[in-house]
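Q: Could you have a look at this structure, given as structure tokens, before my questions?
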Amino acid sequence: MQTCLSKGGGFHFPPCHVLNVCGFRILFDCPLDLSALTIFSPVPTGYRAVVDEKDSDCQPYSTLDSDCVTWKRQKIGKPLDANDLICAVPWYKIVKYLHLWNVSFIDVVLISSPMGMLGLPFLTRIKGFSAKIYATEVTARLGQLMMEDLVSMHMEFRQFYGPEGSTFPRWMEEEELDLRPSALREVVLGKDGAELGGWMPLYSAADVKHCLQKVQTLRYAEEVCYNGKLVIKAFSSGLEIGTCNWSINGPKRDIAFISSSIFVPAHAMSFDYHALQGKDIVLYSDLSSLDTMEGIEDGYSFLTTDSFSTLSWEESAQSLLNTSEHLEEREKLYYLCSCAADSLKASGSVLIPINRLGTFIQLLEQISASLESSSLKVPIYVISSVAEELLAYTNVIPEWLCKERQEKLFSGEPLFAHVELIKDNKLHVFPTVHSPKLLINWQEPCIVFCPHWCLRLGPVVHLLHRWSGDPNSLLVLESGHDAQLALLPFQPMEMKVLQCSFLSGIKLPKILPLLNVLQPKITLLPEDLRQKVRFTNVNPFSVFHYSENKTLIIPSLKDSSELEIATDLAFQFQWRNLKHENMNITRLKGELHVAHGKHWLHSGNKPSKSNSSKSRPLLHWGTPDLETLLSILSKMGINASVEQGVGVEGSKKACIVHVHDPKKALIEIGDTGTVISAVDENLASLIFEAMDSILDGI
Amino acid sequence: MKARQRGSQKEIKFHSMAIECLVLGAGQQVGKSCVVVSMNGKRIMFDCGMDMAYHDHRRHPDFSRISEYGDFDKALTCIVITHFHLDHIGALPYFTEVCGYRGPIYMTYPTKALAPSMLEDYRKVMVERRGEEEQFTSEHIVECMKKVIAVDVKQTVQVDKDLMIRAYYAGHVLGAAMFYTKVGDSAIVYTGDYNMTPDRHLGAAQIDRLQLDLLITESTYATTIRDSKYGREAEFLKAVHKCVLGGGKVLIPTFALGRAQELCILLEDYWERMNLKIPIYFSSGLTMQANMYYKMLISWTSQKVKETYSTRNAFDFKHVLNFDRSMISAPGPCVLFATPGWISGGFSLEVFKQWAPSEMNLITLPGYCAAGTIGHKLMSGKPSKIDLDKDTQLDVRCQIHQLSFSPHTDAKGIMDLVKFLSPKHVILVHGEKPKMATLKGRIYSELGIRCDDPANNETVCIPSTHHVEVGASNTFIRSSLNPNFNFSKMSSEDESDSRLKDGKFMPWLQVKDERAAEGILVEEKGKRAKIVHLDEFLLMLGEKKHDIRFAYCFPINTDNLEDTKSTDVSSSSNALSVSGRSSWLPMLYIKLSDELSGGNIQYFGEQIQVESFSVSLCLKDRCPYRIVDSPPNKCEAVFFCCAWSIADEKLAWKIISILENRNYGTL
């Protein structure tokens, strides 16, 4: 059974699923929808703070007089303006249907990326939550840094608005929400109005620490066994450093979970799809192709398997690794660098609130190189509470990087250029905008990398307020989010805004070749891809489409489980050959163990009572032939005579065989059974043997 | 006529294959580790070391024993290297580039990163200083390393469809690993060198509890129980401290990678703690560049060192400065790391010439120096004069400290590992013959595990594990995993004594979970063998069950019974016969309970049941199962009808004999 809790949205909000495997409930990822933060007003700075405060919602309403209501109602239809944003300590939105589940029934949580971890402290602090959580070592570390950064940026709100009350915040009340513009209301409530329950006040630093203690970290391709039944392994997905796909092997089915993956990334270890080959089920959860599609006008022509059915396996595999998308990404970075250089030359500064680690690191390398080549002497700042640790960390994890970066390890060079940049004083790292060192060091124009991409939290808010009026400055945003809404509090914006999309997963044309290579028996695809990826009847695998909050029953593939029999037990087998069928059978008895995703049968501690030739068949079938019986009996020295037709009511009659010699006995042979009655044990036993020989038995 | 074969083995095959272990090096000696293991059709070479004590063909493992005609690609599935020490990797470039092996080679990331420098340093010493004919060139090293696939610890690597390898942290040096290798159901671990206790810069060896057929372990310290490495590290630090306090200079000749960083991290830490300001220098051969390797590989160090990466990487040596040739004769104390190790020439020799004559100075030497080097000469005794060449002689008055903290496990560590893994078999390598024999004896006598210590070029064969893989139906699995409670009552006779045995009250009713997997293994031509539950089996065959049961109807003489009963029961003869009869069954029940020890006897009113055996009153005048001749007087006998199935044959006849025993007088 599979249930998709959320399709997510973009790189920062991965999808979320619940999957039932072998009776265990597995939750895949637990992200936060941070794009929802845009409905809050950022912390006002300087002069603006005083002005804004008059209108802010944190001021207690004495009465809600009707004038005010009508005034606000008029605004509902109008375009949003900065005053519509909620002025309060922000709450955070978790996956919409997750709060409808009883988390204590979750057995395993698999975290594929740092982004998929941001909501985890909400789960781990719930009483009764006892699931085992697995994530790669790097995902756990990066996730921890992201969460710690989030908590520290959030502090700014706390300091401004004062401590939160424990009660329901005002803005969530129904009357209040009714007054909000519809676009905003939709973010709060969701399209179907069901999402209000997904809002949570942010976790604390202690919650994060507690959460991390519960995470069991893994290396790529490290095996862990859950409950003896599930063998779980993480394999690189290529999206980011440390992100992974999952392989789950159970006694009955093998499953591959594919999150957003990149075949040839420029920093992280590449997508290890070979490891996911030949699974029974592929849960395809890379929905990135849905996000990027909207922006493309010409649209993709429909893909069918026809074009690929002729492709051999090798060709399919080859087509996955073409480097065009890699080059495309490089082009984007070059373009970005040239735009940055233009701004800098015009004495404007460049603000890059991009938190994607890979993009950030590569941009850092590219920009510094292009500054070097254009001999622009401009400082680069990285401002974030975790930047120093993050940059140091990326340089001590060569095992998690792509081949090219690993080569740097083997030749003794730093893995990333920022190591040298920091040493050469070209790159400056500060924890906050008001760190004393920054104030001494500060130079403009400059390039600043800082969080947060939602433009509501962190140093970016301060710098946007500072530069929003400068037409020479440049703001680089990641596309895919509502930039209009994001920039609302900073209007009027004179600053140039460059929106850029980065590769965040498997591109549409590669889905089919990938499935062709993986050769699963069943593929689970999102409903939204039904029209985009079409399969013909010649598919070697069946396809099921899932949609949000609908449970999909996946048919069972095998009617049997794998079982390993210990050799010593196997040597005790006493095979019987069946007369009619071409079949050998043996009775077996042992102790069944479940370990390492497999069933094992061992001969138990107790020596089996009768493993010698004395063991007798306990179950018989077939129709006994009387004449054969008599002749066998006579060979045994038993004389018998048949008395036919004692049957009641003329139906199939039971016949009775009387034995007089050597002793008295009676064999009553019926349609479904035989009764042996003899004066003593020996004779009864002999007759049984005779019967046994004319019937099939085990 | 009897179309039945018993004991025949059909489609299910039993491989009785063995694991074959050919020791090419480090058999009953320390040096040139190399073991070739064949299991289930795969052949893996563990380590490819060189023996530095020899200068002829004996320094290499005898590769011709792997393949007579030198077709190594076919003969070997892969090579696994445990760590970067020369006695484990020294012969690798020769084997790949000169002998022509082109298959895959596996080693950990640090080993792949650090090995080239180790090999190159060694090559230089051999060729440039001693003028030997070179066994491999620098290009050979580069080409050889290109064939290497780097692995992470705990990463499960599928070499091919059947062969899986996995590295475990071994502690010994940076990147040292033990390798778990599995083909089919057979599994072994080859340890390489390992250390079971953590030290200042590395953690202790760590491995999962695995099901193993064979453990091949090093046994350098097969009989010694050693103090911790901390003690010997402290000795080194004390010696250095004493020297610099007295204004002396310390020369530490090392190669670029490995020992240099290891010792430097010790000194840095010590300098910090003792607040020493005396300079530590790196000679030009030891660039900071080399430290870059260690910085990036910090996650392979001990927990304490690892945690420093973000604030200050422990390999970012704060106290270390670059050394200039002009400083050799500058006054004042200092510590100098200089290349090459073993003082085989170059800068370390130059410094040695200047510093050796003063008794204030200190020279540290590693545990091993190649023969023919100054280091080697210094190690043998304490010479006061050393011949630099045939014309020059040098007075050596300085102190010499030999580093003795080679990070091997001691005997306790080996025993602990063997006990922890509990393999079916142990092979000892990399040790001294007499000590290995002692350890071998201990492993057998204390742990009951068979153990071998083959000499070089010997082969050891040990049996391997196999399982037969079959399918199993869901019903079978479910029924086998369901608890099967067995209730048994204590029999009355031992009630009085045993219920209060040992002062403990034993419950009258005992419940045991006698879970057993019982089923039928079915093998059809062209199909995979499958286990089904008994109930499913006939359904599968499409056959009807033919139940064979036994029946037996017998009289019990009730004369005595009547006498004892008549007082209690009413006088009507008709009623007497009925009510009298109804009370006989309970009496049988009591009798059975008394005489049949064990067994689960149940009384259901109409009948008594023991397992499949049931007995009830037979009211028929002519019961077909009344085989026994009736007693003459029918009125005095009551008939009981029994039925049972073959499983309880013995039990049934026993009960009948109890019941037929007509002595009811005691009742």
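The values are calculated or read from the model by the stated rules, or taken from the named source; none is laboratory data. What you see is a predicted model; the values in this text were computed from it and never measured. So basically every Cβ, Gly included, is an ideal-geometry build from the backbone, and we count neighbours across all protein chains shown. Calculation scope for accessible area: heavy atoms of the full protein, side chains included, ligands and nucleic acids excluded. Shrake-Rupley method; radii C 1.70, N 1.55, O 1.52, S 1.80 Å.
Q: Can you work out the Karplus-derived ³J(HN,Hα) for every residue in region A:656-670? Use 6.51 cos²θ - 1.76 cosθ + 1.60 with θ = phi - 60°, whole Hz, and x for glycine or proline.
A: Couplings: 10, 10, 9, 10, 10, 10, x, 9, 7, 7, 9, 10, 9, 9, x Hz.
Q: Please give me the summed charge of the neighbours of B:Asp387: other residues whose Cβ is under 12 Å from its Cβ, Lys and Arg +1, Asp and Glu -1.
A: Residues near B:Asp387 contribute 0 overall.
Q: May I pose another question? On each of the three principal axes of the Cα atoms of chain B, give max minus min coordinate, whole Å, ordered largest first.
A: So the three principal-axis extents are 135, 61, 47 Å.
Q: With each label point set 7 Å from Cα along the Cα-Cβ vector, what nm distance links B:Glu611 and B:Glu446?
A: Inter-label distance under the simple model: 4.8 nm.
Q: Which ³J(HN,Hα) values in Hz, rounded to whole numbers, follow from the phi angles of region B:59-67 under the Karplus curve 6.51 cos²θ - 1.76 cosθ + 1.60, where θ = phi - 60° and Gly and Pro get x?
A: 6, 9, x, 7, 5, 5, 6, 7, 8
Q: Would you please give the residues with an amide H less than 5 Å from that of A:Phe544, counting only those at least 5 places away or on a separate chain, with H modeled from the backbone geometry?
A: So A:Phe544 has HN proximity to A:Thr523, A:Leu524, A:Leu525.
Q: For chain A, what is the charge dipole size about the Cα centre, in debye to the nearest 20, if Lys and Arg each add +1 at the Cβ and Asp and Glu each add -1 at the Cβ?
A: Approximately 1180 debye in magnitude.
Q: Shifting gears a bit: Using only DSSP helix segments of four residues or longer, with each worth -39500 (n - 2.57), what per-residue ellipticity at 222 nm results for the protein assembly as shown after dividing by its residue count and rounding to 500?
A: Dividing the helical sum by the residues of the protein assembly as shown leaves -8500 deg cm²/dmol.
Q: Which of rounded, prolate, oblate describes chain A, given a ≥ b ≥ c as roots of the alpha-carbon gyration tensor eigenvalues and a/c under 1.5 marking rounded, otherwise prolate only if a/b is larger than b/c?
A: In terms of gyration-tensor shape, prolate.
Q: While we're on this one: Excluding residues fewer than 8 places away in the same chain, name every one of the aspartates and glutamates whose C-alpha is closer than 12 Å to that of B:Lys147.
A: Within the straight-line limit of under 12 Å, B:Lys147 reaches these aspartates and glutamates: B:Glu97.
Q: What is the set of long-range amide H partners of A:Trp575 at a cut-off below 5 Å, with H atoms built 1.01 Å from backbone N?
A: HN-HN under 5 Å from A:Trp575: B:Gly7, B:Ser8.
Q: Here's a follow-up. Filter A:Lys664/B:Lys620; A:Lys96/A:Lys214; A:Lys507/A:Lys558; A:Lys191/A:Lys496; B:Lys591/B:Lys620; B:Lys182/B:Lys229 down to the pairs with a C-alpha to C-alpha distance above 26 Å, please.
A: A:Lys507/A:Lys558; A:Lys191/A:Lys496; B:Lys182/B:Lys229
Q: Along Cα→Cβ, 7 Å out, is where each label goes; now give me the distance between the ones at A:Phe544 and A:Gln277 in nm to one decimal.
A: With each label placed 7 Å out from Cα toward Cβ, I get 2.6 nm.
Q: Over chain B, give the accessible area per residue in Å² for a 1.4 Å probe, as an integer.
A: It amounts to 44 Å² per residue over chain B.
Q: Based only on Cα atoms, what Rg/Rh ratio does region A:197-260 have, Rh being taken as Kirkwood's radius?
A: Value, to two decimals: 1.08.
Q: Run the numbers on region B:198-321 and let me know its relative contact order in percent, using alpha-carbon pairs under 8 Å that are six or more apart.
A: Reported as a whole number, the value is 35 percent.
Q: Other chains near B:142-151: what is the mean number of their Cβ atoms within 10 Å of each residue's Cβ?
A: Mean partner shielding for this stretch: 1.
Q: Now for a separate question. What distance in nm separates the simple spin-label points at A:Met155 and A:Glu689, each placed 7 Å from Cα in the Cβ direction?
A: 9.0
Q: Using only Cα atoms, find the angle between the long axis of helix A:681-694 and the longest principal axis of chain A, and express it within 0 to 90 degrees, rounded to the nearest 10.
A: For helix A:681-694, the angle is close to 70 degrees.
Q: What are the ³J(HN,Hα) couplings of region B:436-446, residue after residue, when phi is run through the Karplus curve with 6.51, -1.76, 1.60 and θ = phi - 60°? Round to Hz, x for glycine and proline.
A: 4, 4, 4, 4, 4, x, 4, 4, 6, 6, 8
Q: Take the alpha carbon atoms of region B:90-112, find their center, do the same for region B:408-468, and report the distance between the two centers in whole angstrom.
A: 27
Q: Another question about this same structure. Counting only residues 5 or more places away or on other chains, whose amide H sits under 5 Å from the amide H of A:Met583 once H atoms are built in the peptide plane?
A: Under 5 Å from the amide H of A:Met583 lie the amide H atoms of A:Leu578, each far enough along the sequence or on another chain.
Q: Of the DSSP beta bridges with both residues in chain A, give the percent that are antiparallel, rounding to the nearest 5.
A: Counting DSSP beta bridges with both partners in chain A, the antiparallel share is about 55 percent.
Q: Computing the accessible area with a 1.4 Å probe over protein heavy atoms, can you report the carbon and sulfur percentage for chain A?
A: Whole-percent figure for carbon plus sulfur exposure: 52.
Q: A follow-up question, please. Give the aspartates and glutamates whose C-alpha is closer than 16 Å to that of B:Lys277, dropping any in the same chain fewer than 8 places away, or say none.
A: Straight-line reach from B:Lys277, under 16 Å: B:Glu268, B:Asp269.
Q: If R0 is 56 Å, what FRET efficiency do you get for B:His57 and B:Glu272 from their C-beta distance, rounded to 0.05?
A: 0.70
Q: How would you classify the protein assembly as shown from its alpha-carbon gyration tensor, with a ≥ b ≥ c the square roots of the eigenvalues: rounded for a/c under 1.5, else prolate if a/b is greater than b/c, otherwise oblate?
A: oblate
Q: Could you tell me the relative contact order of region A:196-284? Use alpha-carbon pairs under 8 Å, at least six residues apart, and round to a whole percent.
A: 21
Q: Pull up the cross-link candidates among the aspartates and glutamates for B:Lys353, meaning alpha carbon to alpha carbon under 19 Å and not fewer than 8 places away within one chain.
A: B:Asp324, B:Asp387, B:Asp389, B:Asp391, B:Asp395
Q: For A:Asn425 and A:Leu376 in the same chain, what is the full-extension length gain: residue separation times 0.36 nm, less their Cα-Cα distance, in nm?
A: Contour length minus Cα-Cα distance gives 16.2 nm.
Q: Is the C-alpha gyration tensor of region B:262-336 telling us rounded, prolate or oblate? Criteria: a/c under 1.5 is rounded; beyond that, a/b larger than b/c is prolate, otherwise oblate.
A: Because a/c hits 1.5 or more and a/b fails to exceed b/c, region B:262-336 counts as oblate.
Q: To the nearest 0.05, what FRET efficiency results for A:Asn582 and B:Lys74 with a Förster distance of 35 Å applied to their C-beta separation?
A: 0.30
Q: How much area per residue is accessible in region A:360-437 when the probe is 1.4 Å and only protein heavy atoms are counted (Å²)?
A: Value returned for region A:360-437: 41 Å² of accessible area per residue.
Q: While we're looking at this one, here's another question. Would you work out the relative contact order for chain B, in percent, from Cα pairs under 8 angstrom that are 6 or more residues apart?
A: Averaging sequence separation for qualifying contacts and normalising by length gives 13 percent for chain B.
Q: What FRET efficiency would be calculated for the residue pair B:Asp621, B:Met540, taking the C-beta separation as r and a Förster radius of 45 Å, to the nearest 0.05?
A: The formula returns an efficiency of 0.55 here.
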